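What follows is calculated from the coordinates using simple rules that are stated; it is not laboratory data. In this text, all values refer to a predicted model and were calculated from it rather than measured experimentally. When we count neighbours, we look across all protein chains shown, and the Cβ atoms used for this are built from the backbone with ideal geometry, even at glycine.
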Amino acid sequence: MQKTIKLITVSLLVFILGIFYLSLNRSSNYDTKFLVGNKLTDIELKSLQSKEFFTNDDFKNNKYTLINFWASWCAPCRVEHPYLMMLSKNKDIKILGINFKDKKINALKFLEELGNPYDYLAKDNNGKQSVNFGIYGIPESILIDNKFNILKKIIGPLNEKDIKEIKEIIKS
Amino acid sequence: MKIKLLCLVIFFNFSVYATSNEILNESQIHKNLRCLVCQGQSIADSNSDFAQTLKMVVKDLIKQGKTEDEIYNFLSEKYGDWILYKPKFNYENFLLWSFPYLVLVFGGFIIVFLIKRRQKKT
């Protein structure tokens, strides 16, 4: 009996230490990349330039759509902008820019200065819409197909590697 | 007159109860939601931009008539279970929830064993 108890105690200790070991070795950086494979539903975004609304119907005919959350006050958005300009030349992808908690006048000035890579320009004045996309900071980008499946999620500014990966997805 | 007064009191009590219930639910929900951009804070304790946005969304969802669980489900769908301070009971978290009970049973088993052994000795 004593042997059994000893065995169970040792197994329990090994188990607890194992859990500690695995948990401490796991990355503690939170991200929302688990969203890849999920579907985006109920898109309803106000246009930045008009009183129109963008819904899922507006994007269903695009082979691929890149949804990019940006703002004129966001410094990393300036860093990624040339990459968006580069991507906008690709005909297989449309880019939806969602202007996040920004002033319209500043947003338009930003685009006038750096160029407009967006096929659709929407706004999210109070940030509520960003929750529907699982956004917790900007810039963030989401690549979706015509069935609204999330193919890729990029947290932080786009870089050369991201653009290359997006182009590879589009090609395949 | 008395009946009218009674009706008024009942109505007033109900509306106060409903309001306090709503406030309670909202703050309870805030306390169970992690501020993802803060260090170990719930959105109830945080004034970050993200926490403010989430509070607005929770308010909207309550107005839409969503229950507490529906709100948690919606947000964990968007941000993962990490956003919840109280993890859901599912197959991934099964061990987390059941482990304390297993330890309790095991501890009880050891105590019974030790008592019996002591009784045998005496």
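Here are some conditions: (1) more than 18 Å from residue A:46 (Cβ to Cβ); (2) within 12 Å of another protein chain (Cβ to nearest Cβ); (3) of a type in the set (Val, Ile, Thr); (4) touching a helix residue (DSSP H, G or I) at 6+ places or on another chain (Cβ under 7 Å). Residue A:155 meets all but one. Which one does it not meet? The single condition residue A:155 does not satisfy is (4). Name the single residue that is nearest to the chain's Cα centre (by Cα) among those in segment A:152-168 being basic (Lys, Arg) and under 23 Å from residue B:36 (Cβ atoms). Of everything passing the filter in segment A:152-168, A:153 is nearest to the chain's Cα centre (by Cα). Do we have any residue at all in segment A:21-36 that's more than 12 Å from every other protein chain (Cβ to nearest Cβ), touching a residue at least 24 places away in the same chain (Cβ under 8 Å) and of a type in the set (Asp, Glu)? For segment A:21-36, residues more than 12 Å from every other protein chain (Cβ to nearest Cβ), touching a residue at least 24 places away in the same chain (Cβ under 8 Å) and of a type in the set (Asp, Glu): absent.
Okay, residues lined up against (1) more than 30 Å from residue B:37 (Cβ to Cβ); (2) touching a strand residue (DSSP E or B) at 6+ places or on another chain (Cβ under 9 Å):
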position: B:79; (1), (2): no, yes
position: B:87; (1), (2): no, no
position: B:91; (1), (2): no, no
position: B:95; (1), (2): no, no
position: B:104; (1), (2): yes, no
position: B:107; (1), (2): yes, no
position: B:120; (1), (2): yes, no
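Every residue, every condition in (1) without any contact (Cβ under 8 Å) to a residue 40 or more places away in the chain; (2) among the polar types (S, T, N, Q); (3) out of contact with any strand residue (DSSP E or B) (no Cβ under 6 Å at 6 or more places or on another chain), yes or no:
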residue: A:85; (1), (2), (3): yes, no, yes
residue: A:94; (1), (2), (3): yes, no, no
residue: A:98; (1), (2), (3): no, no, no
residue: A:105; (1), (2), (3): yes, no, yes
residue: A:127; (1), (2), (3): yes, no, yes
residue: A:131; (1), (2), (3): yes, no, yes
residue: A:138; (1), (2), (3): no, no, no
residue: A:161; (1), (2), (3): yes, no, yes
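Taking into account only those residues within segment B:69-99 that are small (Gly, Ala, Ser) and at negative phi, which is nearest to the other protein chains (Cβ to nearest Cβ)? It comes out as B:76. Of the candidates A:105, A:43, A:93, the single residue that is more than 17 Å from residue A:157 (Cα to Cα), touching a helix residue (DSSP H, G or I) at 6+ places or on another chain (Cβ under 8 Å) and away from chain B (no Cβ under 14 Å) is A:93. Residue B:122: more than 14 Å from chain A (Cβ to nearest Cβ), over 19 Å from the mean Cα position of the chain (by Cα) and without any contact (Cβ under 8 Å) to a residue 24 or more places away in the chain, yes or no? So residue B:122 fits the description; yes. Suppose we keep only residues that are assigned to a helix (DSSP H, G or I) and among the charged types (D, E, K, R) within segment A:5-33. Which one would you say is surrounded by the most Cβ atoms within 10 Å (Cβ to Cβ)? Ranking the qualifying residues of segment A:5-33, first place goes to A:33. Can we say residue A:155 is under 11 Å from residue A:69 (Cβ atoms), touching a residue at least 12 places away in the same chain (Cβ under 8 Å) and in contact with a Lys or Arg (Cβ under 6 Å, 6 or more places away or on another chain)? Criteria not met by residue A:155.
When the strands (runs of 3 or more DSSP E) confined to segment A:42-105 are screened for residues that are over 14 Å from the mean Cα position of the chain (by Cα), those reaching at least 2 such residues are found at A:44-47, A:53-55, A:93-100. Residues in segment A:34-55 that are among the polar types (S, T, N, Q) and more than 25 Å from residue A:169 (Cα to Cα) were compared, and the one that is surrounded by the fewest Cβ atoms within 10 Å (Cβ to Cβ) is A:50. Residues in segment A:59-66: is at least one in contact with a Phe, Trp or Tyr (Cβ under 7 Å, 6 or more places away or on another chain) and under 28 Å from residue B:82 (Cβ atoms)? Checked segment A:59-66: at least one residue is in contact with a Phe, Trp or Tyr (Cβ under 7 Å, 6 or more places away or on another chain) and under 28 Å from residue B:82 (Cβ atoms).
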